[in-house]
Amino acid sequence: NNEKSVPQLLIRDLKFEKSLAKLMFSPDQENHPSKAPVKYGELIVLGYNGSLPNGDRGRRKSRFALFKRPKANGVKPSTVHIACTPQAAKAISNKDQHSISYTLSRAQTVVVEYTHDSNTDMFQIGRSTESPIDFVVTDTVPGSQSNSDTQSVQSTISRFACRIICERNPPFTARIYAAGFDSSKNIFLGEKAAKWKTSDGQMDGLTTNGVLVMHPRNGFTEDSKPGVWREISVCGNVFSLRETRSAQQRGKMVENETNQLQDGSLIDLCGATLLWRTAEGLSRTPTVKHLEALRQEINAARPQCPVGFNTLAFPSMKRKDVVDEKQPWVYLNCGHVHGYHNWGNKEERDGKDRECPMCRSVGPYVPLWLGCEAGFYVDAGPPTHAFSPCGHVCSEKTTAYWSQIPLPHGTHTFHAACPFCAHQLAGEQGYIRLIFQGPLD
């Protein structure tokens, strides 16, 4: 009777959510719903299945929500000074004055002063833990779902990597710019950074490893297709990619594209890739509750191991790192789902490749894990497909979408990867349809 159970679960959840909402908002807020903070959107780091390996703490977490600030903190460019003038020196040394310094040579620096903008909010992202950074992002190590400390790698993410400026009024447009302001409210582009004077006499430049952005075509839906990767400058202009990440020569300016983020835009900081989801886009995305209902529905169908005839079950979302004895395993070449067993474990095959007892195809044999980060799903379909070789399970449309996306890797290569663990995808299409065996009774 599991057909009935899922809708009832969801109805119960809705009632629970309504009562929870009443608890969360004070009576004062209920009478004035406008007091609920406006959410611009969320940034979700690829490679983490719902939380960081050691848990989300403070500004270091796997996803970061951008809310309208109580008071605007955006800035916009104003006066330009040619350095060596007292005004330029003053702009740099003034801790209350935002400025960007472009060093052209030892003798010449151009300083652009920035003034307060009451219409925008600014959010800064980078590796630094200093206070101007709102969202601290460290290098993603593929498959680092375990608790091992991954900080030993020399980071390629900039300390003050980028900033996002959101309009405080509808439609709450969000725009991205390379580089963030440091604790002294300065951005310094040194002699080696690519920089130039624009046609209207302004300065612009690129950061060392660059900030790349890709906007998907058709938004972030089941019809999405990958877009083209571009580089964003310090002033928010759009360029084709440099030959390598830190090449001195900038790409060509792309006149008809903008730095405006859209639902599903990917931001690459050379060491970590972030997915931008708008508040509206997230409202159409399956919730963790919905994914939990799908997990319970699969388990209620009591899939069985065709060898041991034992019932299989996906472990709860909280137990997403420890292999459970009822855990489903899959042969990645054919998609047949089993429980763990020692059949077909040939010594000469390094123990990595196994022979499927159902169809005799030989290939990797891995445990299956549910994809718990709902923000990566392009639809609310059932978990019928798994990424190869990691075994993360989600909907067919979601696996098809991510398997087509070339994600930046290192300084000049791209490859498709699982959004839940950042492992490079393998096999013909990077994912496989799962074949479950139902109970025999």
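Keeping all protein chains in place and using 1.4 angstrom, which order do Arg159, Arg360 fall into by accessible surface area, from largest down?
Values: Arg159 105, Arg360 145 Å².
Order by accessible area, largest first: Arg360, Arg159.
For the pair Lys197/Leu104, report the inter-label distance in nm, with labels modelled 7 Å from Cα in the Cβ direction.
It is 0.5 nm.
Please give the calculated 222 nm ellipticity per residue for the chain, where each DSSP H segment of at least 4 residues contributes -39500 (n - 2.57) and the sum is spread over every residue; nearest 500 deg cm²/dmol?
Mean residue ellipticity at 222 nm (helix-derived): -4000 deg cm²/dmol.
Quick one: divide the alpha-carbon radius of gyration of the chain by 2.2 N^0.38 Å and tell me what you get. Mind dumping the intermediate values first?
Values: Rg = 24.7 Å, N = 441, 2.2 N^0.38 = 22.2 Å.
Working it through for the chain, the quotient is 1.11.
Across all directions of projection, what mean area in square nanometres is found for the Cα convex hull of region 288-433? Each step should come with its number before you reach the end.
Working: hull surface 37.2 nm².
Projected area, direction-averaged: 9.3 nm².
Give the relative contact order (percent, whole number) for region 288-433; include only Cα pairs under 8 Å separated by 6+ residues. Can you show the working numbers first?
Details: 276 pairs, mean separation 25.1, N = 146.
Contact order relative to length: 17 percent.
Given Cα pairs under 8 Å that are at least 6 residues apart, what percent is the relative contact order of the chain?
Details: 979 pairs, mean separation 60.4, N = 441.
14 percent.
In region 288-433, how many lysine pairs have Cα atoms under 28 Å apart, counting only pairs 8 or more places apart or on different chains?
12
The values are calculated or read from the model by the stated rules, or taken from the named source; none is laboratory data. Source: prediction; values computed, not measured. Cβ sites come from the backbone with ideal geometry, for glycine too, and all protein chains shown count toward neighbours. Accessible surface is based on the protein model in full, side chains and every heavy atom, while ligands, DNA and RNA are left aside. Shrake-Rupley method; radii C 1.70, N 1.55, O 1.52, S 1.80 Å.
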